[in-house]
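These notes are about the structure you will find just below.
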Amino acid sequence: MLKFEGKFKVGDIIKAYDFQPRPVVEDSFILGEILEGTCKEHGYNSFKVNIIRHVVGGDILVEDTNTEGWIPHGVSFGEFDDRITKVA
């Protein structure tokens, strides 16, 4: 079982970081509502989300859209305890 597999459910709003936030590195994350708890559409276990906000390097790329995205249940490097958290 992957680190975040089964930890959240459809309808939860989650925030998922690309890498662990540090004071010298701007945040990069996706904030989204879970549409599917286990999606294998791209060949890996992930949450399928409706993206609410996508931030890269502190800059908002996407906000308040109906864009779908995928957040992996686990990653092979850079994994940390709070990589995915429930917001609402």
Subject >> Selection from the stretch 79-88 of residues that are of a type in the set (A, V, I, L, M, F, W, C) and either surrounded by fewer than 14 Cβ atoms within 10 Å (Cβ to Cβ) or assigned to a loop (DSSP other than H, G, I, E, B) (or both) >> reply: Phe80, Val87, Ala88
Subject >> First in the stretch 10-21 and in a loop (DSSP other than H, G, I, E, B), second anywhere and surrounded by 16 or more Cβ atoms within 10 Å (Cβ to Cβ) and among the polar types (S, T, N, Q), Cβ under 8 Å, 6 or more apart >> reply: Asp18/Ser28; Phe19/Ser28
**OP:** Report the residue count in the stretch 51-64 for those that are part of a strand (DSSP E or B) and more than 24 Å from Lys40 (Cβ to Cβ).
**Re:** 8
Original post:
Which residue pairs have Cβ atoms under 6 Å apart, sit 6 or more places apart or on different chains, and have a first residue in the stretch 72-88 that is under 14 Å from Val49 (Cα atoms) and a second that is among the acidic types (Asp, Glu) and buried (at least 16 other Cβ atoms within 10 Å of the Cβ)?
Top reply: Lys86/Asp12
Original post:
Within the stretch 71-78, is there a residue that is touching a strand residue (DSSP E or B) at 6+ places or on another chain (Cβ under 8 Å), in a loop (DSSP other than H, G, I, E, B) and surrounded by 11 or more Cβ atoms within 10 Å (Cβ to Cβ)?
Top reply: yes
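Laboratory data are not the source of any read-out in this text; all were calculated from the coordinates shown. Remember, predicted model here, so these are calculated numbers, not experimental data. Every residue, glycine as well, gets a Cβ built from its backbone with ideal geometry; the counts of neighbours run over all protein chains shown.
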